[in-house]
Amino acid sequence: MARAEWGSRLGFILAAAGSAVGLGAIWKFPYVAAQNGGGAFLLIFLVIVFTLGISLMIAEMSVGASTKKSPVGAYRKLGGKWWSSVGYIGVLCGFLILSFYSVVGGWTIAYIVKSIQGSILTTDPAVLSRTFDSFIADPVMPIWYHAAFMALTAGVILAGVQKGIERVSKHLMVMLFLLILILIARGLTLHGALDGVVTFLYPDFSKVTPTMIIEAMGLAFFSMSLGMGCMITYGSYASGETSIPNSARSVIGLTTLICFLSGLMVFPAIFVFNFNPLAGPGLTFITMPAVFSQMSGGQFFSILFFFLLFVAALTSSVSLMEVVVSFFIDEFQFPRMMTTVIMSILMFILGIGASLSLGVWKNYTLFGKNLFGLLDYVSSNLIMPFGGIMIAILVGWKAWPVISARLAYPDGTCPVWLPLFKFICRFVAPVLIFVILLQNL
Ligand code: PFF
């Protein structure tokens, strides 16, 4: 049977961007950037994204496009039997990420509800921090919301409405983009906003540490959905005429833009209202309501913001679940329904642990991290970079003839950047990522 293809080139880019743009850009990027002091971190992040990120995006998409298979099958076809294990690791990574991703997805639903109730429309940092902290530490409510988010993700997969969601989410993404611009404009006109902008943009290189570079790299992998085969899956549905480099550029460009704008949205608020920049995973949830409370129609904007964030998270979580579920279907011919239900339940259970580790279980730590932090760290800072090394080696060394043929123009000539891309895949990416990973250990 011929593999289904995206209806249009734009459809492919939008679907991949839907996977990439999500909590990573709007929730994770601002707080990790703030924890790492702003400017210098931003610069390192951008350098990593526009060197490694773009190359690995092209690599993953073209592996998918030339094999027409999901990760495990694609690795096996291009690399041989042993390479399929890289695909397995990617599936495991998707499983780990979705378990805590769904917890945060649940927070977005909770904050839609809180916005409707109007309980968060204040500029008082103490109230906003307390609201968030006591919410995530609660042993019951966040788990219900986590269950709802996971069920919605599974529902989208089971109803087979991804395409429908994409069609709707394309408009919602534009709305999210415009809303972020409005919020930036409001934030920048508040007294004291400039300090936030300066902190976000001015690179203070004395603050650069190896940890910061690891964090920037992990964030790049996470927010671009790289290193676990997700983009292989998307690439496998791309039609023959789709330009992989153009698509990769668009997805990377768009996601990076949203990361950057999210920083511009959150940083000024931190300084204007005196929030703690080291608030961690709560940062976006704690600071943004203060901005809404300073806007006419603030409640409306608050509901809209958390709703759009929820939709952005859902299009990403669907892509994560697709990686996990399609693995069992492709490899073991498991029925779709059963696989989706079982995997959702298992990820939900692990997510319960992640949620509780922010409250009643917060004293149980490993390597100084609670379960939530550990799942995040292991997936973004260890497994995804490892996956990045492997995809680069596969493309640069093992499968170069196949990949370069897919990247050549229809008339057979090669793009001028192809040798550079090959060089990055063969040497730069594996060595650089490895060196950064070593700092970890
Ligand atoms: N890139 C998504 C985000 O930033 O929210 C998260 C993600 C989705 C990571 C899909 C990995 C993935 F395969």
**Message:** Between a residue in the range 84-113 that is in contact (Cβ under 8 Å) with a residue 60 or more places away in the chain and over 18 Å from Ser316 (Cβ atoms) and any residue that is away from the ligand (no atom under 13 Å from the Cβ) and assigned to a helix (DSSP H, G or I), which pairs come within a Cβ distance under 6 Å, given they are 6 or more apart or on different chains?
**Reply:** Val86/Tyr75; Val86/Met390; Gly87/Val72; Gly87/Tyr75
**Item:** Any pair with Cβ under 7 angstrom, 6 or more apart, that starts in the range 200-222 at a residue that is over 17 Å from Leu441 (Cβ atoms) and touching a residue at least 12 places away in the same chain (Cβ under 8 Å) and ends at one that is within 16 Å of the ligand (Cβ to nearest atom) and of a type in the set (Lys, Arg)
**Value:** Leu219/Lys28; Phe222/Lys28
**Asked** Are any residues in the range 217-231 farther than 21 Å from Phe434 by Cβ and more than 9 Å from the ligand (Cβ to nearest atom), and if so, which ones?
**Response** none
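So that you can scan it fast, the table gives a plain yes or no per residue for (1) within 13 Å of the ligand (Cβ to nearest atom); (2) in contact (Cβ under 8 Å) with a residue 12 or more places away in the chain:
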| site | (1), (2) |
| --- | --- |
| Leu10 | no, no |
| Ser19 | yes, yes |
| Ala34 | no, yes |
| Val47 | no, no |
| Phe50 | no, yes |
| Ser66 | no, yes |
**Message:** Just checking, does the range 199-216 include any residue being crowded, with 24+ Cβ neighbours inside 10 Å and within 16 Å of the ligand (Cβ to nearest atom)?
**Reply:** yes
**Selection within the range 325-353 - touching a Gly at 6+ places or on another chain (Cβ under 8 Å) and either of a type in the set (Phe, Trp, Tyr) or within 16 Å of the ligand (Cβ to nearest atom) (or both)** = Phe327
**Prompt:** Quick check, is Ala290 in contact (Cβ under 8 Å) with a residue 12 or more places away in the chain, under 17 Å from the mean Cα position of the chain (by Cα) and buried (at least 24 other Cβ atoms within 10 Å of the Cβ)?
**Reply:** no
**Complete:** Condition set touching a Pro at 6+ places or on another chain (Cβ under 9 Å) and surrounded by fewer than 24 Cβ atoms within 10 Å (Cβ to Cβ), scope the range 241-261, selection nearest to Leu183 (Cα to Cα): answer is Pro245
**Asked** If you take the residues in the range 262-275 that are surrounded by fewer than 24 Cβ atoms within 10 Å (Cβ to Cβ) and aliphatic (A, V, I, L, M), which one is nearest to the ligand (Cβ to nearest atom)?
**Response** Leu264
**Asked** Which condition does Leu226 not pass, out of (1) under 20 Å from the mean Cα position of the chain (by Cα); (2) of a type outside the set (Phe, Trp, Tyr); (3) in a helix (DSSP H, G or I), if it passes all the others?
**Response** (3)
**Request:** Output the residues belonging to the range 233-252 that are over 30 Å from Gly37 (Cβ atoms), among the β-branched types (Val, Ile, Thr) and more than 10 Å from the ligand (Cβ to nearest atom).
**Result:** Thr242, Ile244
**Some residue of the range 303-324 being at pLDDT 95 or above, buried (at least 22 other Cβ atoms within 10 Å of the Cβ), polar (S, T, N, Q) and more than 16 Å from the ligand (Cβ to nearest atom)** = no
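The values are calculated or read from the model by the stated rules, or taken from the named source; none is laboratory data. A quick note: this is a predicted structure, and the numbers were derived from the prediction, not measured. Ideal geometry is used to build each Cβ from the backbone, glycine not excepted, and the neighbour counts take in all protein chains shown.
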